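See structure below.
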Amino acid sequence: MFRITKEFAFSASHRLDHLAQDHQCARLHGHNYIVQLELSADVNELTTAGFVRDYGDLSDFKKWIDAELDHRHLNDVIPDCNPSAENMAMWIYTVWSERFREISAVRISETPKTWAEYRP
């Protein structure tokens, strides 16, 4: 099994529901997010060039991040979802796995020391 990863960044605000009123994440706040897409393929699934997928193919994902997530309020962007890092990772996987069948995981970082990962 081969795995490749590409990292993307965006800045956005959110507020998390279902927390105590005095919880810091219940208040409106923002993050400089990092998103990592992991794509996987078996040796017999590699492209003729020997790639899991050409990194250049992910440019549409970057355009989508810039248009849909960057400098947005995520509570307004992600439908019917509390925009925790965990839920965001699953949502991104769901939106993009049809386009890139090789996606095997999506990781989201809100801070340099925290990561959430969705791996179906």
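Taking each residue as 0.36 nm, the span from GLU98 to MET1 lengthens on full extension beyond its C-alpha to C-alpha distance by 32.9 nm.
Of the residues CYS25, ALA105, SER40, the one whose Cα sits farthest towards the positive end of the charge dipole of the chain is CYS25 (charges of +1 on Lys and Arg Cβ, -1 on Asp and Glu Cβ, taken about the Cα centre). Only Lys, Arg, Asp and Glu carry charge here, each on its Cβ (+1 for the first two, -1 for the last two); on that basis the chain has a dipole of about 200 debye about its Cα centre.
Report the Stokes-Einstein translational diffusion coefficient (µm² s⁻¹, integer) for the chain, Rh taken as the Kirkwood radius over Cα pairs, at 10 °C with viscosity 1.306 mPa s. Intermediate values should be presented prior to the final figure.
Numbers: Rh = 15.2 Å.
Taking Rh from Cα pairs, D becomes 105 µm²/s.
Relative contact order (percent) for the chain, with alpha-carbon contacts under 8 angstrom and 6 or more residues of separation?
On the way: 196 pairs, mean separation 35.8, N = 120.
Normalised by residue count, the contact order of the chain is 30 percent.
For the chain, take the longest principal axis of its alpha carbons; what is the angle in degrees between that and the long axis of helix 85-96, to the nearest 10 within 0 to 90? Here the helix axis deviates by roughly 40 degrees. Extension gain for ASP22 to ILE34 (0.36 nm times residue separation, less C-alpha to C-alpha distance): 1.7 nm.
In order along region 22-28, the phi-based Karplus estimate (6.51 cos²θ - 1.76 cosθ + 1.60, θ = phi - 60°) of 3J(HN,Hα) comes to 8, 6, 4, 7, 6, 8, 4 Hz; Gly and Pro are listed as x. Work through the residues other than ALA12 whose Cβ is under 13 Å from its Cβ and net out their charges, Lys, Arg +1 and Asp, Glu -1. That sum, taken over residues with Cβ under 13 Å, equals -3.
Return the FRET efficiency for the residue pair LYS113, THR48: r is the Cβ-Cβ distance, R0 is 41 Å, and the value is rounded to the nearest 0.05.
Values: r = 41 Å, r/R0 = 0.99.
Once the sixth-power term is evaluated, E becomes 0.50.
In order along region 105-111, the Karplus-derived 3J(HN,Hα) couplings, from 6.51 cos²θ - 1.76 cosθ + 1.60 at θ = phi - 60°, round to 6, 10, 10, 10, 10, 9, 9 Hz, and Gly and Pro are given as x. Helical runs (DSSP H, four residues minimum) scored at -39500 (n - 2.57) apiece and divided by the length of the chain put the mean residue ellipticity at 222 nm at -4500 deg cm²/dmol.
Here, each number is a calculation from the coordinates, and none is a lab measurement. Just so we're clear, the structure is a prediction, and the values are computed from it rather than from any experiment. Because the Cβ atoms are built from the backbone with ideal geometry, glycine has one as well, and the counts that use them run over all protein chains shown.
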